[in-house]
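The values are calculated or read from the model by the stated rules, or taken from the named source; none is laboratory data. Note that the structure is a prediction, hence the values are computed from the model and not measured. Cβ sites come from the backbone with ideal geometry, for glycine too, and all protein chains shown count toward neighbours.
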Amino acid sequence: MTLPANLDRLVETRVAGEVTNPYLPESVYRVDRTGEAYVPVGSGGVHYNVRVGMGVSAFAADQVQPGVSIANPVAAANQALSTFACVGNSARVTTGAARGAVGVVTGRHEEFSCFQHVLVDFEDEALRVLCPGDQVVVHALGVGLRPDSLAEVDCHSMSPDLWMALPLQLSRSGALRFPVAAVLPPQMVGIGSGRVSATTSLCLQVGSNEGRVVGEDPAELRIGDLVAIADWDARYHTGYRPGSVLVAVVTTGSSRWPGHGPSLTILASGRQQMLVPEVVGGINIAELLGIGTGRRG
């Protein structure tokens, strides 16, 4: 049963972007925690063989973005795209060989002062013909979503489709019980602290060159997993706050770059008395939304 929320009061709009080119920093090389230089590949463009539902360390890449990344070349419009496009929103290609193809927003990925991308999952047929510069329009719906009788819980990037797909429950005390694949300690947060929750992404710091997450070895997260971070507040800005908790979706692969790792898109935050993460093995938006490795047929 879907928990009641203010779904009928949400504003529907359209935000537009274009398929990005792959991004590479001017210096070309990055240096990992052992001092070894490497060429980062994975940000921007179209990634034909990387899908939501795959392991965060399954590829020789740096925060690889699954499927397609889009952005708007106008800064203010790109801020709106990144903020208003919610996980689970539909996105339609309006130009190019893939015109008419419909995909699903899977999150966002920001690298400070470098890029701000929205990530979209498409079927294989569309991925094969999508090109940088193709226009994509997102049916944006979800900003302002709030569960009934839970003013202490803030949602970000949560579409009604994802809200209705989640097996959410209320405890006897009235707290929101939110299923996650893992609950992680606050020291695992890397880049992203202090940013605006509604429009940014966070990184988990990794603990080895193989990209395994600190505290989760040997278990490995998947792109699309739902995770919670204890003692971390993201109601308005992101930061350490004992007694708070956030829930997010893993949106990219891992990284060898110090302070970096799998990127997260924030979905909900509140005090631990009102937002209670519960570990449910394998919960992932690929299966919840029927995208990525969860696509059928």
Exactly one of Arg92, Arg108 is in a strand (DSSP E or B), under 17 Å from Thr251 (Cβ atoms) and of a type in the set (Lys, Arg), and that one is Arg108
Taking Val64 as the residue in question, decide whether it is part of a loop (DSSP other than H, G, I, E, B), touching a Gly at 6+ places or on another chain (Cβ under 6 Å), within 18 Å of Leu127 (Cβ to Cβ) and outside the structural domain of His260 (by TED's automatic domain parsing). yes
Can you name every residue in segment 1-29 that is among the aromatic types (Phe, Trp, Tyr) and within 19 Å of Pro73 (Cβ to Cβ)? Tyr23
Within segment 120-172, of all residues that are among the basic types (Lys, Arg) and more than 27 Å from Val46 (Cα to Cα), the one surrounded by the fewest Cβ atoms within 10 Å (Cβ to Cβ) is Arg172
Have a look at Ala80, Ala91 and point out the one that is in contact with a strand residue (DSSP E or B) (Cβ under 7 Å, 6 or more places away or on another chain), buried (at least 24 other Cβ atoms within 10 Å of the Cβ), of a type outside the set (S, T, N, Q) and over 28 Å from Val206 (Cα atoms). Ala91
Given (1) closer than 18 Å to Arg92 by Cβ; (2) touching a Gly at 6+ places or on another chain (Cβ under 9 Å); (3) free of Cβ contacts under 8 Å to residues at least 60 places away in the same chain, identify the lone condition not met by Glu125. (2)
Please determine, by comparing only the residues of segment 15-28 that are more than 18 Å from the chain's Cα centre (by Cα) and either loosely packed, with under 11 Cβ neighbours inside 10 Å or of a type in the set (S, T, N, Q) (or both), which one is nearest to Val105 (Cα to Cα). Asn21
Reported set for segment 244-293 where residues are part of a loop (DSSP other than H, G, I, E, B) and surrounded by fewer than 17 Cβ atoms within 10 Å (Cβ to Cβ) is Pro258, Gly259, Gln272, Gln273, Val280, Gly281, Gly282, Gly290
Residues (β-branched (Val, Ile, Thr) and not in a loop (DSSP other than H, G, I, E, B)) located in segment 1-44: Thr13, Val15, Val19, Val31
Mind checking which pairs have a first residue in segment 1-22 that is within 30 Å of Tyr48 (Cα to Cα) and a second that is part of a loop (DSSP other than H, G, I, E, B) and hydroxyl-bearing (Ser, Thr, Tyr), Cβ under 9 Å, 6 or more apart or different chains? Ala16/Thr94; Glu18/Thr95; Thr20/Ser43; Pro22/Ser43
